[in-house]
1. Using amide H atoms built in the peptide plane, which far-off residues or other-chain residues are under 5 Å from Gly325 H to H?
2. Using 0.36 nm per residue of separation minus the Cα-Cα distance, give me the extension gain between Leu86 and Leu61 in nm, one decimal.
3. Would you list which lysines come within 19 Å of Lys35, measuring only between C-alpha atoms, while excluding same-chain residues fewer than 8 positions from it?
4. Taking Cα centroids, how far is the stretch 23-49 from the stretch 343-357 in Å?
5. Take each of the peptides 10-23, 201-214, average the number of other beta-carbon atoms within 10 Å over its residues, and list them starting from the highest.
6. Which whole-Hz ³J(HN,Hα) couplings does the stretch 333-338 yield from phi under the Karplus relation 6.51 cos²θ - 1.76 cosθ + 1.60, θ = phi - 60°, glycine and proline marked x?
7. Please figure out what share of the DSSP beta bridges in the stretch 296-369 is antiparallel and state it in percent, rounded to the nearest 5.
8. Which of rounded, prolate, oblate describes the stretch 305-438, given a ≥ b ≥ c as roots of the alpha-carbon gyration tensor eigenvalues and a/c under 1.5 marking rounded, otherwise prolate only if a/b is larger than b/c?
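The values are calculated or read from the model by the stated rules, or taken from the named source; none is laboratory data. None of the values given here were measured: they were computed from a predicted structure. Glycine gets a Cβ as well: all are built from the backbone with ideal geometry, and neighbour counts include every protein chain shown. Heavy atoms of the whole protein, side chains included, go into the accessibility calculation; ligands, DNA and RNA do not. Shrake-Rupley method; radii C 1.70, N 1.55, O 1.52, S 1.80 Å.
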Amino acid sequence: MGRLPFLIVGCLLIIAFDFYFVKAILSAFKNWSEKAKTRFTRIYWGITIVLIIGVFAGIFLNLFLSMRAVILVIFFLTTACKIVMLPFLLVDDLRRLVIVLLRRTRRSENSSATVSGNLNDQYNATYSSRTTSTHNKTGLAIEEPISRSSFIVKAGLVAAAIPLTSLSWGIVSGAYDYQVRRKTLILPNLPAAFDGITMGQISDIHSGSFYNKTAVKGGVEMLLGEKPDFIFFTGDIVNDMATEMRDYQDIFSKIKAPLGVYSSLGNHDYGDYHFGKESSPAKVKNLKDVIKTHELMGWDLLMNENRRLKIDGEEIGILGIENWGMGRFPKYGRMDLAVKNTDDLPVKLLLSHDPSHWRAEVLPKYPQIDAMFSGHTHGMQFGVRTEKYQWSPIEYIYKEWAGLYQEQKQQLYVNVGYGFLGYPGRVGILPEITIFTLKRA
């Protein structure tokens, strides 16, 4: 399994952090009784072990979809909170280490003082001194409101609650909050018969991540309610396995349009992340099953090929290629095959899953492509998006990551996706259904 080493390393890092985290929490709450400390430690480690086992079971075993979703959601949220908490603990330990070093320096400068112990002993002694009390000259304990170490740790806990709240809300509210975005697509050479017709686009279904069939069905009904003349789906129908569509194929089979539904494959559809990059009988069969799913739903899957869309004797071209992405993403697409026998068509619309393909190959080599339609980025499922402004961390990876882009006479639209992957929700970058109105210049 290509993902197994990554999962093992990730879980080991989480366990290492948990040892660090538990020790910090116990030192920050010195007023807890020994019984309370023992109970907290057992509950904490019990939850951690159950979640780690659950993650492996959810990925490699055939668990119920709802059970797998709950496990992965809880695991994701707890891990996010730990990541936020970590800098506070590191700052606190760095602060105490500096204090130890300063004390050692002062003692070494005092010739009358005897330096006892080593730095390691002093550091451990200081670490165990996270306390809410000090002593007066008589040796009696005097209660402090809160020690500096305790304050930093508790501040970290408060900070960790912020992403927990926002990410939880993104799961409850954002994952299935489908947004219809309407765009006018100006195509100078568009035949008169096509002027004013509408086209819908969805992308990145990622059916293996869904856990709410009713909500998914609601999004499909929203798309159909727009009554587009034809529809594009731009890749990633599954996370890894064709079987992920088993519970949702009947829903997406309802997506129909008078001029057809055209689809392409995304990087996840090939099974590379489950079977590895090398070919195998199981991987080949899985891809065949994914292709068959498109066929059973009545979607016209374009594998480095094209179709002619005809209205009243006038035609435009619909081209689709297999996944082609920069960096580590596979380059299965063949533009030379997709554009074959299309020279006479006045307008060519391209389905290509990864938007990096536009700048890397389409712009410099294929000026005859009028508009390309992509997905892939998800807008990182986190950010800000309004009619006039958008931002997401994904913009530091992809120059074109959401919305409409234009360079000279060529255009690109990036749909931020219908589904989700990894984090089972969305914050700010909501799932998208795009409706285009095609217009002549």
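1. HN-HN under 5 Å from Gly325: Lys331, Tyr332.
2. On the way: separation 25, 0.36 × 25 = 9.00 nm, distance 3.17 nm.
5.8 nm is the gain from fully extending Leu86 to Leu61.
3. Within the straight-line cut-off, Lys35 pairs with Lys23.
4. If you average the Cα positions of each part, the centres end up 58 Å apart.
5. Working: 10-23: 14.7, 201-214: 21.7.
In decreasing order of mean packing, 10-23, 201-214 become 201-214, 10-23.
6. Rounded to whole hertz, the list is x, 10, 5, 4, 7, 5.
7. If we restrict to bridges inside the stretch 296-369, about 65 percent are antiparallel.
8. Working: a/c = 2.06, a/b = 1.65, b/c = 1.25.
Prolate, because a/c is 1.5 or more and a/b exceeds b/c.
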